[in-house]
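Contents: one structure, followed by commentary.
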């Protein structure tokens, strides 16, 4: 069989490294791999469908799925997961607890970003702060001209305005014209900017408590395969999932090798042991069933916020060939 020559765009993660360097290959595919930032991949994928296989925003993909589908079909390889207690920054001189955000102005780079959906779920479910309780201000973190990558329609009780021309939400937070900031990246601020900090002073403790209560490890990004390719080659999405699983397994094997630390950070082995004690051996699971509760929680919140026009099921997000995997 002649191999398919396909482009693959993913972030430069340990769990994708084996795919990028070629030590793990996608069956039947000769891959041209490129490592790019999530922002660049998502913009190029959702605006122009430039890649054959790529990392995708879970939120943006859910919007497209609810609308009837986009140029990609989903593969449940969750290449980005993160607790988003570290994503909420506030003016510490006026916001002391989550409930203080009611009636305040909060900046976001894009309203529908996956990280922001999870952060708003935390605020609503744990502290009673609804999206309609906040005045949202949309603007770039570092570039004031950043656009919303896909068109969204919000409920009438959700108030969203654009930042003033030429202003970033980082600058607005520093000068105090907004009270909070929620984004996947921290605000771009001068060092030691006064009166700006995390909403949760100890976000790791808050995240551990959240996991103990909910069992949820938030999913940020999935993998997409060009729909036309999946229709022509039904075996391809399953082969993609298999390769991403193998690449992640290689990363975990290296991370567990304590003979020489693979990450330039002290205490990595201890943190790995702590994560497994709290979350289980396969804490970064791929596949629908191990993460069904997390997916269903996200999809309910997404629909509750009006971002998806109907409640989407996990099965709708992913190609049928990826819902089950063979076992020996």
- Query: Would it be correct to say that residue 285 is part of a helix (DSSP H, G or I) and either surrounded by 13 or more Cβ atoms within 10 Å (Cβ to Cβ) or modelled with pLDDT under 95 (or both)?
  - Reply: no
- Task: Working carefully through the options 103, 107, find the one that is in contact with a strand residue (DSSP E or B) (Cβ under 9 Å, 6 or more places away or on another chain), part of a loop (DSSP other than H, G, I, E, B), modelled with pLDDT of 95 or more and within 17 Å of residue 160 (Cβ to Cβ).
- Result: 103
- Name, by its number, the condition in (1) part of a loop (DSSP other than H, G, I, E, B); (2) in the same structural domain as residue 56 (by TED's automatic domain parsing) that does not hold for residue 270. (1)
- Message: Looking at region 29-47, can you tell me whether even one residue there is farther than 26 Å from residue 202 by Cβ, free of Cβ contacts under 8 Å to residues at least 24 places away in the same chain, within 18 Å of the chain's Cα centre (by Cα) and in the same structural domain as residue 283 (by TED's automatic domain parsing)?
- Response: yes
- Are any residues in region 126-140 touching a residue at least 24 places away in the same chain (Cβ under 8 Å) and out of contact with any strand residue (DSSP E or B) (no Cβ under 7 Å at 6 or more places or on another chain), and if so, which ones? 126, 127, 128, 129, 131, 132, 133, 140
- Counting only helices (runs of 4 or more DSSP H) wholly inside region 160-256, the ones holding at least 2 residues that are within 21 Å of the chain's Cα centre (by Cα) are 169-175, 203-214, 236-256
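The values are calculated or read from the model by the stated rules, or taken from the named source; none is laboratory data. Bear in mind the structure is a predicted one, so any value in this text is a computation, not a measurement. When we count neighbours, we look across all protein chains shown, and the Cβ atoms used for this are built from the backbone with ideal geometry, even at glycine.
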